[in-house]
Amino acid sequence: MQLNDLKTHPVIRSMAYVGFFFIIISFVFFYGWQQSNNQQVAENRAFARHRATDTLAFLPWRKWEFIPLSEVEQGRRIAVNSKLSLLDPALANFAGQQAQVTNALATTDEAIERAMDMRLLRLQAANTGIIVDEEELKDRLREMRDLDLARFEQEVNNTPGGVRGLLASMKQEQEATRAVTFIAGEARASLYELWLEYLLVNEEITLNVARFPALQYEDKVTIEEAELQAYLDENAEALRLPPQRKYGYVKLTLADISEGLDPSEEQLKTYYEQNQASYLTPEAVRVVQAFSTTSDLATTVTVALGAAVIEKVGEGLSLEDAVYAARDENEEGRIYYTEPGWITRDESSRTEFGDAVLDTVFALADDEISSPTTGPRGVHIVQRLESREAGPRPFEEVRDEIDLAWRAEQGATKFAEEISRLKSEVSRFESIRDFALSVGLEDGMTELIDANTSNIKGVGDLTIHARYIRSLKVHRLSEIIPVPAENPTFVVALQIMQATESRAAELSDVRDDVLAEVRSIKARQLASEAAEAARGGMDTGMDFATAVADAPTTSTLTDPFKRGTSRAAIGVNLIGFAQQSSRIRSGMTGLSAFGESEAEPEGYALWKVEEIKQPTREEFTAERRSFEAQYLRLKRQILIEEWLADKRRDAEFVPMTDLNEGRG
């Protein structure tokens, strides 16, 4: 089996193996699952249809069968649990309890397809004589030592039929699991096939790469007016202008109110006295210290350095001079001096110093130096310089904080009053301008914008009121709109001043966009032509360096890389290189577009294979067991996916994601 046949190799692409087919029953009980909002849909509505799968496939009159909501929900749960199984258990447990998360993990289409797959696998189990006894399921539940009884009870309550219904669901899933195992058992790999795949995964490639970024050619592009019009004509539908609106608006923000307030000193001092508890300062000491991290020093070196520092302090040196003198005399370790700073008993100080160091520091007298004391991050020798008792911070020190707090409090009150005033006034006016003049605010005007957008430039993000805004009539003044709806930071009144229907764009409407797109297209063309010319030079016998001499960037020699890490080694995504790399050889050259989009690449790269280093037989022998397990797991996945795809096609499976198509 060749690399390009596998599409997604577990090592080459580093992709996680999503084991939907190997259903993890315990997830139902350990992590639970949230029911989809689709539970509100009637149970007898059909979400998909297919031909009967228990009759001969060639019979044209096979009856249609339909997949109901209950099976879709089971399919959704299977799809969600498959994805949760890839996560850390704690994260999976949390995610499994969030309805929005679980519903986002599996789309309705995925849930419907998993439901169909379960039908196919149950039929396969029946055809091959696979039977799971109910007593076996009960034994499995008894063996689950970590079974979350609360989740189990919730699962029972959420399952039609209670315990019996849950056991029936488990039975179906176990039979499907064993059917998968039966199908996947056909996966085999010869020693030669494994060796070829091991080579592809583990060969180390060194490339010489010259890039021709399209951006570097934009200043060489010339554009005629006719080209712009031609592009517009070719893309008229994509560039069609949506319905548009121009809004007049009056906006008032909480910040406007707060900033407009001008408190007197007397008001600030009164606020300070009334809220003194918010401006207390804890007991603190100002210190300097010698500090040594335990990761830098062995214990014996730490002790020796600490002793040397204390000895030199005793000789009359300052702590700072003692640190540098001790460090100069002892090259084995490092000790550092820190500048003066204040320390309290808050959480950050406890994290940095630990209780032992803090107790020592606060017990010192001013100017006293501690003995070496061990904390969580190292060894400390601390000199206490001065102390500060707990108590209220001086007004002068906190004046700016008080000013902000006073403005916030008074501003919120004033803002609420202003909102009430605006609400009472707005209904009296038909014009946004007259309303603005009456309430003493300025009115503004937007440009013509998409009628469906609710994030309006100059106004703000009104998404939470999108439905109301879309319902506004032309020239009719809106209500006062608060954002957010609770505890708003701004309010706005809107009036649609102009509304246009969707129409074909003229060049003047979209000139800038068209110009940028045409310039980008022509720059990509120039980059492609330059790269092709360089490759042509190599075809005529030029060496790589000479052929790419005119490239706008300097060619680079990559570090050796394996096929799965080409992007990191090369620095860009060479489009199609994964497929090309399965056939390359030393000395071979190639031309690849690079970027994220094959239709709109960022540029082109000419590359040459300088070396391919193969793994040894000894390395293969050492890693064969684990590699074979990964490779066979991938083959089984592909085998199962192809088997299910064939069966769905034979059954003429049709998802009915438009609920209007459902059979009520």
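Fraction of C-alpha pairs exceeding 16 angstrom in the range 330-417: 68 percent, rounded to a whole number.
Amide H to amide H, with H built 1.01 Å from N, Ala451 comes under 5 Å of Gln244, Arg245, counting only residues 5 or more places away or on other chains.
Packing order of peptides 113-126, 239-252, 357-370, highest average first: 113-126, 239-252, 357-370 (average count of other Cβ atoms within 10 Å over each peptide's residues).
When the solvent-accessible area of the range 550-655 is split by element, carbon and sulfur atoms take up 43 percent of it, the probe being 1.4 Å.
Summarised as an ellipsoid, the range 360-517 has semi-axes of 57, 27, 13 Å, derived from the eigenvalues of the Cα gyration tensor scaled by 5 and square-rooted, with the largest first. Packing here is the average count of other Cβ atoms within 10 Å per residue, and on that basis the peptides 583-594, 568-579, highest first, run 568-579, 583-594. Within the shell of other residues whose beta carbon sits under 11 angstrom from the beta carbon of Ile257, the net charge comes to -2, with Lys and Arg scored +1 and Asp and Glu -1. Bridging of Lys473 to aspartates and glutamates at a Cα separation below 13 Å is possible for Glu430, once same-chain residues fewer than 8 apart are set aside. About its Cα centre, the range 370-451 has a charge dipole of approximately 580 debye under the convention of +1 per Lys or Arg Cβ and -1 per Asp or Glu Cβ, with nothing else charged.
Dipole size of the range 611-653 about its Cα centre, with +1 on Lys/Arg Cβ and -1 on Asp/Glu Cβ: approximately 140 debye, rounded to the nearest 20.
The alpha carbon convex hull volume per residue for the range 517-585 rounds to 125 Å³. When the Cα positions of Ile432, Pro392, Thr413 are compared along the charge dipole of the range 381-441, Ile432 comes out farthest toward the positive end, with charges on each C-beta of Lys, Arg, Asp and Glu.
Quickly rank 444-454, 317-327, 501-511 as a protection proxy: mean count of other C-beta atoms within 10 Å, highest first.
Values: 444-454: 14.9, 317-327: 18.6, 501-511: 12.7.
Final packing ranking: 317-327, 444-454, 501-511.
Quantify, in whole percent, the carbon and sulfur part of the accessible surface of the range 301-442 (1.4 Å probe; protein heavy atoms only). With neighbouring chains kept in place, the figure for the range 301-442 is 46 percent.
The values are calculated or read from the model by the stated rules, or taken from the named source; none is laboratory data. Small disclaimer: the values here were computed from a predicted structure and weren't measured. We place every Cβ from the backbone using ideal geometry, glycine too, and count neighbours over all the protein chains shown. To get the accessible areas, we keep the full protein, side chains included, count just its heavy atoms, and leave off ligands, DNA and RNA. Shrake-Rupley method; radii C 1.70, N 1.55, O 1.52, S 1.80 Å.
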